[in-house]
Every structure is written in structure tokens, then in C-alpha cells.
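K.L.:
After the C-alpha cells below, expect a handful of questions from me.
The values are calculated or read from the model by the stated rules, or taken from the named source; none is laboratory data. Remember, it's a predicted structure, so these values are computed and weren't measured experimentally. Positions of Cβ are generated from backbone atoms using ideal geometry, with glycine treated the same way; all protein chains shown enter the neighbour counts. Note: accessible area is taken over every heavy atom of the protein model, side chains too, but ligands, DNA and RNA are not part of it. Shrake-Rupley method; radii C 1.70, N 1.55, O 1.52, S 1.80 Å.
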Amino acid sequence: MITLSSDFGSPYPAAMKGVILGRTDARLVDVAHDFPRQDVRTTAFWLREVLPTFPPAVHLVVVDPGVGTDRAALVVRAGDHVLVGPDNGVLVPAARRLAEGGEDFEAFAIEDDAASATFHGRDVFAPAAAAVHEADIDAIESLDGYEPVDEIESLAFPEPTVDDGTATGAILVVDGFGNAITNVPGSVLDGRFGEEIELDGESVRVERSYAHVEPGDRLVTVGSHGNVELAVNRGRGVEAFGVGVGDPVVLAFV
């Protein structure tokens with residue numbers, strides 16, 4: 001299986017699939033091709049959440065604002081999975097989660113002989129994904145043009161601060177429903193469902209799901225990703241709370 005993720009929209013993913021299908025009969029699964037354009041951090045967050053749900057696979061990821069520069073092209077072996085994409089940090093959070101030891105993943109630089117300076121998804125990453133899929137996952141280093149590398153571009157999400165009375169964090173991403181997802185662990189809301197807390201000085205209800213409040217009402221809940229999120233039943237939390245990606249949030253528990 002090869003999964004494909006990008007910010008390409010259409011029709012560019014079809015070209016990557018064409019290259020892959022010319023080299024392997026692997027099953028192809030689209031994760032998403034509408035990630036925010038050139039937004040490495042948001043893509044990295046969602047890949048970290050989504051890719052571990054797959055059985056062992058090769059994951060092709062192309063969100064690549066540095067295409068055509070001297071940034072490296074990578075194959076990353078993480079547990080039973082392989083990720084293929086640019087060396088800009090987009091692969092790292094998912095690799096950490098997929099690797100059995102957290103940080104225990106291995107990276108290989110792909111020899112870059114792209115025909116186009118602007119479409120490495122087709123010319124570099126798609127051929128690499130097909131080649132790795134057809135090879136033994138434990139023998140990537142034996143493939144021609146794949147060299148082990150010791151250091152790659154890292155990407156880490158900011159850590160929250162949690163004490164007995166408050167949790168201070170930030171908005172990491174906003175999903176398609178407008179839910180503002182924070183970096184605060186959902187465990188801070190344990191035992192508080194049905195209660196009120198203060199969010200940036202305003203009282204907000206804590207509930208298990210959106211429909212536990214009236215349509216249009218705000219709430220704080222725990223998303224499927226395990227983090228605290230700011231939401232509105234049948235509305236957009238990002239607008240109702242007046243926040244954006246990177247904004248700080250402070251939860252105070254009465």
C-alpha cells in the first residue's frame with residue numbers, strides 16, 4: 001500500500017499516481033490533497049494523527065515550499081512504515097509516532113535527478129515511493145541512490161504548561177469544521193465534563209461532544225486527537241472564540 005498526501009489539489013496528484021502505477025501494482029490510498037498550501041506544520045500535525053491508523057505502508061508526502069532548492073529528498077524508515085518526502089520537517093512528527101522507540105527512525109537521502117525543478121512529487125518522490133514499496137523495508141540502504149543521513153530538518157510542536165489550577169498552551173491547527181485544536185492534553189479535563197472553566201478569562205462549558213450544548217453555543221471538549229479543542233455546536237469555534245493558529249490559550253479551573 002502507498003498513501004499519498006499533498007497540498008496539490010488537482011490534477012497534480014494524478015501525475016504522481018501515473019508514475020507509481022507504471023512501476024508497481026501497489027494499492028494507492030489518498031490521505032488528502034487539500035492540506036493548506038505550503039503549510040508544513042499543519043500537514044505534519046494531521047499526518048501524525050492519521051498515518052498511524054494505517055497498516056504498514058509507504059507514505060508519500062509532498063508539501064514542499066522549498067522545491068527546487070538544495071533541501072534534501074528523504075526516505076524515512078519508522079517501525080513498519082516508510083515515509084517519502086522533502087526534508088523540511090513534515091515527515092518527522094509522524095515518523096516519531098510510527099517508530100517503536102519514538103525517536104528511533106532512520107533517514108536516507110534520495111539522489112535527485114528530477115526532470116523538473118518544480119514538480120519533485122512526480123519526478124523524485126513518486127519513483128522513490130514505488131521503489132521502496134517493491135524493496136525489502138530492511139534493505140533500503142542497498143537501493144541505488146539512497147544514502148543514510150545522520151541529521152534531518154526537525155519539527156516539534158510547542159509544549160503546554162500544566163499545573164494544579166491552569167493549563168497554558170496554544171492553538172496548533174484549525175480543522176475543516178472550524179474547531180480550534182490546542183496543544184493542551186485532554187487529560188486536564190478529566191472529571192470536569194458538565195462543568196464550567198475559564199478560558200482566557202471567560203466562562204465556557206466543558207462537554208464530551210458538541211451536541212451536549214445548544215446549537216450555536218460554545219464549548220471546550222477533547223477531540224479524537226486527544227487534545228483540548230475549542231468548538232461550537234453546529235458552528236465554527238475559531239470564529240466564536242476569536243482565535244487563530246499560534247494564538248495562546250489559558251484554561252483556568254475553578
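K.L.:
Starting from the Cα gyration tensor of the stretch 1-142, take the square roots of the eigenvalues, sort them a ≥ b ≥ c, and report rounded, prolate or oblate (rounded when a/c is under 1.5, otherwise prolate if a/b is larger than b/c, else oblate).
P.N.:
In terms of gyration-tensor shape, rounded.
K.L.:
Still on this model: Put Arg208, Arg96 in order of accessible area, largest first, 1.4 Å probe: what do you get?
P.N.:
Highest to lowest solvent-accessible surface, that is Arg208, Arg96.
K.L.:
Restricting the count to DSSP beta bridges whose residues both fall in the chain, what percent are antiparallel, rounded to a multiple of 5?
P.N.:
Antiparallel: roughly 75 percent of the beta bridges in the chain.
K.L.:
In terms of the ratio Rg/(2.2 N^0.38 Å) built on C-alpha atoms, what value belongs to the stretch 185-254?
P.N.:
With N residues counted in the stretch 185-254, Rg over 2.2 N^0.38 Å equals 1.00.
K.L.:
A follow-up question, please. Rank these by accessible area, largest first, 1.4 Å probe: Leu60, Leu28, Leu21.
P.N.:
From most accessible down to least: Leu21, Leu28, Leu60.
K.L.:
In addition: Treating the beta-carbon of each Lys and Arg as +1 and of each Asp and Glu as -1, no other charges, what is the dipole magnitude of the chain about its Cα centre, to the nearest 20 debye?
P.N.:
Its charge dipole is roughly 940 debye.
K.L.:
Can you tell me, using C-alpha contacts under 8 Å and at least 6 residues apart, the relative contact order of the chain as a whole percent?
P.N.:
Answer for the chain is 15 percent.
K.L.:
Give, as a single signed number, the net charge of other residues whose beta carbon lies under 9 Å from the beta carbon of Val19, with Lys and Arg counted +1 and Asp and Glu -1.
P.N.:
Result for the neighbourhood of Val19: +2.
K.L.:
So how far, in whole Å, is the C-alpha centre of the stretch 13-60 from the one of the stretch 127-196?
P.N.:
16
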